[in-house]
């Protein structure tokens, strides 16, 4: 009976315990995930198909989403997508991930 009581009192404490392992290591950038910092040099350039391909390559993203001026975007987050906003003059104003 004492063994059952000891186990029952220790169980709630076990839920608070932390484990060490792979979760403690710094997260590596997954293959195909976006790195917007690498594509910031394209801000100010003219938005075009070729520029989109260059931004995809530089950012490492798998997909590209263009953001026309004064447009609304969904707020869904995709770590493998690069977002490129441009103004009325077709100049790139922002490069972000998500």
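Where a number appears in this text, it was derived from the coordinates with a stated rule and is not lab data. In this text the structure is predicted, and so the values were computed from the model without any measurement. As a convention, Cβ positions derive from the backbone with ideal geometry for all residues, glycine included, and neighbour counts pool all protein chains shown.
Within region 43-82, the set of residues being touching a residue at least 24 places away in the same chain (Cβ under 8 Å), assigned to a strand (DSSP E or B) and under 22 Å from residue 33 (Cα atoms) comprises 67, 81, 82. Identify, by number, the condition in (1) in contact with a helix residue (DSSP H, G or I) (Cβ under 8 Å, 6 or more places away or on another chain); (2) not in a helix (DSSP H, G or I) that residue 33 doesn't meet. So the condition that residue 33 fails would be (1). Residues in region 37-51 that are surrounded by 15 or more Cβ atoms within 10 Å (Cβ to Cβ) and within 13 Å of residue 61 (Cβ to Cβ): 38, 39, 42.
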